[in-house]
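Below is one structure, written out as C-alpha cells, with a few remarks after it.
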Amino acid sequence: MTKQADIIIVGGGVIGSSIAYNLLHDGYDGEILVFEKDRIYEFSSTPRSAGGIRQLFTTAVNIQMGKFGIETYRSFPEKMAVDGELAEIDFEQPGYLFLAKNNEEMKQLEHQSILQNSYGVNSELLNKEELLTIIPELSIDDLAGGLFSKNDGYLDPYSVMQGYAKQARHLGAHYIYDDVETILSDRNGVQGVRTYSGDIYNARIVINCAGPWAPELSEKIGLPIPVVPLKRQIIQFDIAEPLSKKLPLTVDPTGVYFRHEGETIISGFSEKVKPGIDFTWKRSFFTEELWPVLATRVPNFEVAKIQSGWAGMYSYNTIDQNAIIGEHPELNGYFLACGFSGHGMQQGPAVGKGLSELIRTGTYETIDLSPLRFERFAEKDLVIEGAVV
C-alpha cells in the first residue's frame with residue numbers, strides 16, 4: 001500500500017509532536033504524518049525523563065532555547081487547551097541550583113551567570129551561606145557556593161508530550177502507530193518511508209526525531225550520525241523527616257541531582273554505561289551510587305526508602321553533547337532533530353518552533369539554531385556546553 005503526505009515525522013515524543021504542532025499552528029497547510037512505534041509510549045524517552053526545565057547553560061543557543069522553553073511551559077495549559085480542556089503539565093518553578101565545591105568552580109559559574117544575564121536570564125551567584133536560604137537543610141561545609149535561577153523548575157514530561165500530540169491532532173496531524181523500517185530516497189532527495197509492515201508513504205520531507213533509535217535509522221541510508229543511546233536511571237524515594245521548603249532541581253558537584261516529586265524525592269546521575277537500549281534499573285544504583293552523596297549533602301536523606309525507579313535513554317551526542325537540528329547536507333528533504341543528550345524535554349518547544357520556521361520560510365526567525373547544524377562536525381565548529389548533567 002502506498003500513501004501520500006507532505007511531511008513525515010519519525011518519532012511522536014515531545015520533539016516530533018512539538019514540530020508537528022508548531023508547523024500547523026504557524027500556518028503550514030500540508031499533510032503531516034507522525035510515526036510512533038510505541039502506541040502507549042512505554043519506552044519513549046519523553047515520559048522517562050527527569051522533567052527538569054532550565055536556562056542555566058553555558059552557550060548562547062542553549063540559554064535561548066531554555067528561556068523559550070520556560071516561557072512556553074508557563075502558559076502551556078491555556079495555549080494547548082482543546083475544547084476548553086486545559087493541558088495541565090504540573091509545571092513548578094522552585095528553581096535550578098548548581099552547587100560548587102571550590103573557588104575555581106565558582107569562577108566558572110560566575111562566567112556562566114554573566115552570559116545568562118546578558119540573555120535576560122535571572123541567574124544569581126550565591127555564597128555558601130546564601131545557599132541555606134534556598135535549602136535550609138543543606139550541608140555546606142565542603143561547598144564554596146552555587147548558581148541559582150529562580151524561574152527554572154520541573155514538570156510532568158508525559159503530560160507535555162500528550163498536550164503537544166493532542167493539539168497537533170486537533171490541528172490536522174495524523175499519528176500512525178507503526179515502525180518505520182527505512183527512509184526512501186533517490187538522486188533528487190527524500191521520497192518517503194517504508195514501514196516494517198510493508199507500507200510505503202511518499203513525502204518530500206522526512207524528519208528524524210526517533211530519539212535513541214535515530215542513529216539506526218540514519219545509518220540505514222548511509223548517513224551516520226554521532227549519537228548513541230545511553231541508559232539513565234532515576235530513583236524515587238521517601239524520607240522520614242520532610243524538608244522545610246520545596247527543592248529546586250539541585251545538581252551536586254559530583255553530578256548527582258535531586259528534586260521533589262510531589263512529597264517524595266527523585267534523584268539520578270549520569271553513570272558510565274556501555275551504549276545500547278536497556279530499560280532495567282537496580283536498587284543498588286541508589287544504595288551504592290546515589291545515597292552516599294545524597295545523605296552527605298542533606299541529612300534528611302540519611303533515612304530514605306525507595307518507592308520506585310525507572311530507566312530511560314539519553315540520545316547522547318558523542319562529539320559535543322548537543323542536539324543536531326536541521327536539514328542534512330547530503331540529502332535534500334532529510335531533517336534531523338536528535339542527539340539532545342538529555343535536554344530534549346526542555347528544548348522541545350524551541351526546536352519545534354525553529355524547524356517550523358526553517359521548513360516553511362527557509363530560515364530561523366525566533367532563535368538562530370544554525371549552530372546546531374549537522375555540518376558543524378566537519379567544519380570543526382562545535383558547540384561546547386559546560387553544563388551537561
- From the set of residues in the stretch 140-191 that are of a type in the set (D, E, K, R) and more than 23 Å from the chain's Cα centre (by Cα), which is most open to solvent (accessible area, probe 1.4 Å)? Arg187
- Message: Can you confirm whether Leu99 is at pLDDT 95 or above, open to solvent by less than 60 Å² (accessible area, probe 1.4 Å) and not in a helix (DSSP H, G or I)?
- Response: yes
- Task: Can you confirm whether the stretch 61-68 contains a residue that is free of Cβ contacts under 8 Å to residues at least 40 places away in the same chain, in a helix (DSSP H, G or I), over 30 Å from Ser139 (Cα atoms) and not small (Gly, Ala, Ser)?
- Result: no
- Among (1) of a type in the set (S, T, N, Q); (2) farther than 30 Å from Ser370 by Cα; (3) touching a Cys at 6+ places or on another chain (Cβ under 6 Å) - the single one Ser308 does not satisfy: (3)
- Query: Hey, which of the strands (runs of 3 or more DSSP E) in the stretch 1-47, taking only ones fully inside, have at least 1 residues that are open to solvent by less than 10 Å² (accessible area, probe 1.4 Å), among the aliphatic types (A, V, I, L, M) and touching a His at 6+ places or on another chain (Cβ under 8 Å)?
  - Reply: 32-35
- Could you pull out the residue among Ile135, Ile200 that is touching a residue at least 12 places away in the same chain (Cβ under 8 Å), within 28 Å of Asn22 (Cα to Cα) and either buried (at least 18 other Cβ atoms within 10 Å of the Cβ) or of a type in the set (Val, Ile, Thr) (or both)? Ile200
- Item | Condition check for Glu357: open to solvent by less than 10 Å² (accessible area, probe 1.4 Å), modelled with pLDDT of 95 or more and among the charged types (D, E, K, R) | yes
- Ser118 versus (1) in contact with a helix residue (DSSP H, G or I) (Cβ under 8 Å, 6 or more places away or on another chain); (2) surrounded by fewer than 13 Cβ atoms within 10 Å (Cβ to Cβ); (3) among the polar types (S, T, N, Q): which is the lone unmet condition? (1)
- Message: Within the stretch 153-163, does at least one residue satisfy the condition of being in a loop (DSSP other than H, G, I, E, B) and under 20 Å from Cys338 (Cβ atoms)?
- Response: no
- Message: Being closer than 15 Å to Leu155 by Cα, among the aliphatic types (A, V, I, L, M) and modelled with pLDDT of 95 or more is the filter here; which residues of the stretch 25-57 pass it?
- Response: Ile53
- Query: What number of residues in the stretch 328-349 are assigned to a loop (DSSP other than H, G, I, E, B) and either buried (at least 21 other Cβ atoms within 10 Å of the Cβ) or in contact with a Ser or Thr (Cβ under 9 Å, 6 or more places away or on another chain) (or both)?
  - Reply: 9
- Message: Name the single residue that is farthest from Leu223 (Cα to Cα) among those in the stretch 310-327 being out of contact with any Asp or Glu (no Cβ under 8 Å at 6 or more places or on another chain) and open to solvent by less than 10 Å² (accessible area, probe 1.4 Å).
- Response: Gly312
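Quick grid of which residues meet (1) outside any loop (DSSP other than H, G, I, E, B); (2) among the polar types (S, T, N, Q); (3) modelled with pLDDT under 95:
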| position | (1), (2), (3) |
| --- | --- |
| Leu126 | yes, no, no |
| Leu131 | yes, no, no |
| Ile140 | no, no, no |
| Asn151 | no, yes, no |
| His170 | yes, no, no |
| Glu181 | yes, no, no |
| Ser185 | yes, yes, no |
| Val190 | yes, no, no |
| Arg194 | yes, no, no |
- Message: Pairs needed: first member in the stretch 269-287, under 24 Å from Glu216 (Cα atoms); second member anywhere, among the aromatic types (Phe, Trp, Tyr) and at pLDDT below 95; C-beta distance under 7 Å; at least 6 residues apart or different chains.
- Response: Phe279/Phe43
- Task: Go over the candidates Val206, Val227, Val193 one by one and state the one that is in contact with a helix residue (DSSP H, G or I) (Cβ under 8 Å, 6 or more places away or on another chain) and among the β-branched types (Val, Ile, Thr).
- Result: Val227
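The values are calculated or read from the model by the stated rules, or taken from the named source; none is laboratory data. Not measured: the values here are computed from a predicted model. Neighbour counts are summed over all protein chains in view; Cβ atoms, including those assigned to glycine, are modelled from backbone coordinates with ideal geometry. Areas reflect the complete protein model, heavy atoms only, side chains present, ligands, DNA and RNA absent. Shrake-Rupley method; radii C 1.70, N 1.55, O 1.52, S 1.80 Å.
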